[in-house]
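Here is the structure we will look at.
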Amino acid sequence: MTAASLALGDLFAPATVAWASRALTAAVGLFVAALAYRGFRRNDAPKMRALAVGIGLLTGGVFLAVAVASLAGADAGVVLLARGLVTVAGLCAVLYALLRG
């Protein structure tokens, strides 16, 4: 095997593909959150701020929580707990944005 084929094999390893897909999801989600925040700034609509926070937590927040917990060497249970807590916080922010009168 050549060095190029080894590097290509590492590039398409399941763990690398999983991290890349999580990062892409976070990037797109943070872009959508930025658009929602821009809507808040333009229209002074607090619902849009809550929506931006919720989307940001659901995408970028989850990615950051999983990355930090994984890099810290936490076991799978701690990673899932961190991901779950951030997800619940993001969903609460989205729910607040939808139900606020």
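Laboratory data are not the source of any read-out in this text; all were calculated from the coordinates shown. Quick caveat, the model's predicted, so the values are computed rather than measured. All Cβ positions, glycine included, derive from the backbone under ideal geometry; neighbour counts span all protein chains shown.
Are there DSSP H segments in the chain that both extend 18 Å or more along their axis (alpha-carbon positions) and score a mean Kyte-Doolittle hydropathy of at least -1.0? List them, or say none. Don't skip to the answer; put the middle values down first.
Numbers: long enough: 14-43 (43 Å, 0.58); 76-99 (34 Å, 2.14).
Counting only whole DSSP H runs, the qualifying helices are 14-43, 76-99.
Send over the semi-axes of the chain's equivalent ellipsoid, whole angstrom and largest first, taken as the square roots of 5 times the C-alpha gyration tensor eigenvalues. Show your work: numbers first, answer last.
Details: eigenvalues 227, 60, 12 Å².
Equivalent-ellipsoid dimensions as semi-axes: 34, 17, 8 Å.
If you rank 21, 70 by fewest surrounding Cβ atoms within 10 Å, what's the result?
Values: 21 10, 70 15.
The fewest-first ordering by Cβ neighbours comes to 21, 70.
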